[in-house]
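Before any comments, here is the structure.
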Ligand code: F1P
């Protein structure tokens, strides 16, 4: 058993704990908000930003922390960081004029000095370098703050964890993940998970952009995984390429948990330790002052 497997499996109970939290300091309706993070945390920022804006709660932009445009007049900046130590996140917060809030697994880190308000999810912290449950729990908490009713998701995740993956997915030589709106962030995250944990060849696209070139990659022994609603005709079109299509009904965040399972399964099939991915640490801590934009 790896930490990654344990942490993936713990998501139903960790999600239930996240949903019990009552937090303050998160963006209020009507505020103009920027959400920043790096890697997985950036992809969760993308998902939340799209959901918040779609919910009519205000203009919301997501940026990789390194690209945060500090000159723009935001009402609040939200940073996501499991470790609380990622250099680019700390540097971006230092340049913010607006009130800042950070979501972290570890408040005993520099993030607590850098952000005006800290929301901690220590019970979602992880041993594996590869993030799963912190990211999904943070997104769940943020979705709940938008007024979504999510009490059924822990049970749905439990069922998803108990359902075997299609053998075509585990054997696929390449997987492309697609999304629309908020699920673009999930597609990006799923693709990153397989690269980190399993050194797998993955790609991710906006679903409607997929026809504009990337579909050339689809072929037998490859797979396409669609998060959220599939654009009209796309599933049939991908089927015609011979690629396996994965498109589960239900909440797309639950589908992301199955992508976690795929990352673990492919790593195991390749004899890799997904807890300690090649060339990767728990967080990126850069020496010297980070580049400013
Ligand atoms: C962000 C991150 C992770 C990545 C790796 C390096 O960390 O980029 O997404 O998987 O572990 O760090 P954090 O700011 O959320 O701690």
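Where a number appears in this text, it was derived from the coordinates with a stated rule and is not lab data. Worth saying up front: this structure is predicted, and the values here are computed from it rather than measured.
Just from its helices, what would the mean residue ellipticity at 222 nm be for the chain, if runs of 4 or more DSSP H residues each count -39500 (n - 2.57) and the sum is divided by every residue, rounded to the nearest 500 deg cm²/dmol?
Values: 11 runs with 114 residues, N = 293.
Computed mean residue ellipticity for the chain: -11500 deg cm²/dmol.
Please build a GNM for the chain, connecting alpha carbons under 10 Å apart, and tell me which residue among 187, 144, 166 fluctuates the most.
166
Would you please classify the overall shape of the range 101-165 from the alpha carbon gyration tensor, given that a ≥ b ≥ c denote the square roots of the eigenvalues, rounded means a/c under 1.5, and beyond that prolate means a/b larger than b/c while oblate covers the rest?
oblate
Rounded, prolate or oblate for the range 161-263? Axes are the square roots of the Cα gyration tensor eigenvalues, ordered a ≥ b ≥ c, and the cut-off for rounded is a/c under 1.5.
Rounded.
May I ask for the angle, rounded to the nearest 10°, between helix 252-269 and the longest principal axis of the chain, with both axes built from Cα atoms and the value confined to 0 to 90°?
Tilt of helix 252-269: around 70 degrees.
Considering only the chain, what is the antiparallel percent among its DSSP beta bridges, to the nearest 5?
0 percent
Which of these, 270, 222, 32, has the largest mean-square fluctuation under a Gaussian network model of the chain (Cα springs below 10 Å)?
Most flexible of the set in this elastic network: 270.
Treating the angle as unsigned and between 0 and 90°, give the value, to the nearest 10°, between the Cα long axis of helix 133-145 and the longest Cα principal axis of the chain.
Once rounded, one gets 70 degrees.
Between helix 153-162 and the chain, what is the angle of the helix's C-alpha long axis to the longest principal axis, kept within 0 to 90° and rounded to the nearest 10?
Tilt relative to the chain: about 40 degrees.
Below 8 Å between Cα atoms, with a sequence gap of 6+, how large is the relative contact order for the range 9-155 in percent?
Across the range 9-155, relative contact order equals 28 percent.
Could you give me D for the range 1-151, from Stokes-Einstein at 4 °C and 1.567 mPa s, where the hydrodynamic radius is the Kirkwood radius over C-alpha pairs? Units µm² s⁻¹, please. Write down the numbers at each step before the final one.
Details: Rh = 15.2 Å.
Calculated translational D: 85 µm²/s.
What residue among 66, 149, 283 shows peak mean-square fluctuation when the chain is described by a Gaussian network model with Cα springs under 10 Å?
149
Average projected area of the Cα convex hull of the chain, in nm²?
In nm², the orientation-averaged hull projection of the chain is 14.7.
If I take every Cα pair under 8 Å that is 6 or more residues apart in the range 107-241, average their sequence separation and divide by the length, what percent do I get for the relative contact order?
Working: 128 pairs, mean separation 28.8, N = 135.
Result for the range 107-241 is 21 percent.
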